[in-house]
Amino acid sequence: MALTATLHHFTVQLAHIDRGVYENLELRVARQPSETAEYLLARLLAYCLEYGEGIVLTEGVAAVDEPAVLVRDLTGRITAWIEVGAPDAERLHRGSKLAGRAAVYTHRDPAPWLALVAGQKIHRAAEIPVYELGRDFVQAAAAAIDRRNVVNLSLTEGQLYLDINGKSFSSAVRVHALS
């Protein structure tokens, strides 16, 4: 019998001070059986930090031809391709060409992945930011995730403050250049 995805509910109060985005969000996020809690949290954080009109969460690790997060304009055209983790260079190249804007959020040390994709063909690689979410921060915060979650998230001057179900965490969000 195949395992099914577990549905998580997030009530998020978002304050992305650096971008001037303040929203209250109600999200239902499916966690695939092969998806870690850390990856689930990284997807949620990428969605919130990129939040804007037309943004959608895809099926995560189960999305074969899509990134973790997509942004579409009113015509349905993809305008942003947001990956989580360590996508291969070909996938990132395709996403950057298709969307015109791409970004990567990683919840692990990005150095080995950056070395792996260095010099590979990636469309407009110099314009693709890689956001490092601290590994210890993500591990600790992911442990606080339940099926139903109340989240307060704020980002100011590169510092991320996160409260999940009454437990508080913080971390710097480091930005790396792809090339």
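The values are calculated or read from the model by the stated rules, or taken from the named source; none is laboratory data. Remember, it's a predicted structure, so these values are computed and weren't measured experimentally. Counting neighbours? That spans all protein chains shown, and the Cβs are built from the backbone with ideal geometry, glycine included.
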(request) Could you give me the residue pairs with C-beta distances under 9 Å whose first residue belongs to the stretch 87-98 and is over 13 Å from Leu116 (Cβ atoms), whose second residue is among the polar types (S, T, N, Q) wherever it lies, and which are 6+ apart or on separate chains? (result) His93/Gln120
(request) Please name all residue pairs, on different chains or six or more residues apart, with Cβ atoms under 6 Å, provided the first residue is in the stretch 104-123 and is free of Cβ contacts under 8 Å to residues at least 40 places away in the same chain and part of a loop (DSSP other than H, G, I, E, B) and the second residue is small (Gly, Ala, Ser) and surrounded by fewer than 20 Cβ atoms within 10 Å (Cβ to Cβ). (result) Gln120/Ala89
(message) Can you list residue pairs whose Cβ atoms sit under 7 Å apart, with the first residue in the stretch 150-162 being in a loop (DSSP other than H, G, I, E, B) and the second being loosely packed, with under 15 Cβ neighbours inside 10 Å? Count only pairs 6 or more apart in sequence or on different chains.
(response) Glu157/Asp18; Gly158/Ala172
(message) Condition first: more than 11 Å from the chain's Cα centre (by Cα), loosely packed, with under 13 Cβ neighbours inside 10 Å, farther than 19 Å from Arg174 by Cα and among the acidic types (Asp, Glu). Can you find one or more residues in the stretch 35-45 that meet it?
(response) no
(message) Quick check on the stretch 101-109. Is at least one of its residues within 24 Å of Ala142 (Cβ to Cβ), surrounded by fewer than 21 Cβ atoms within 10 Å (Cβ to Cβ) and touching a strand residue (DSSP E or B) at 6+ places or on another chain (Cβ under 9 Å)?
(response) yes
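Listed here are the residues, each with its yes/no results for (1) at pLDDT 95 or above; (2) farther than 17 Å from Tyr39 by Cβ.
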| position | (1), (2) |
| --- | --- |
| Ala80 | yes, yes |
| Asp88 | no, no |
| Val104 | yes, no |
| Leu116 | no, yes |
(message) Restricting to the stretch 110-129, give me the number of residues that are under 17 Å from Tyr47 (Cα atoms) and crowded, with 21+ Cβ neighbours inside 10 Å.
(response) 1
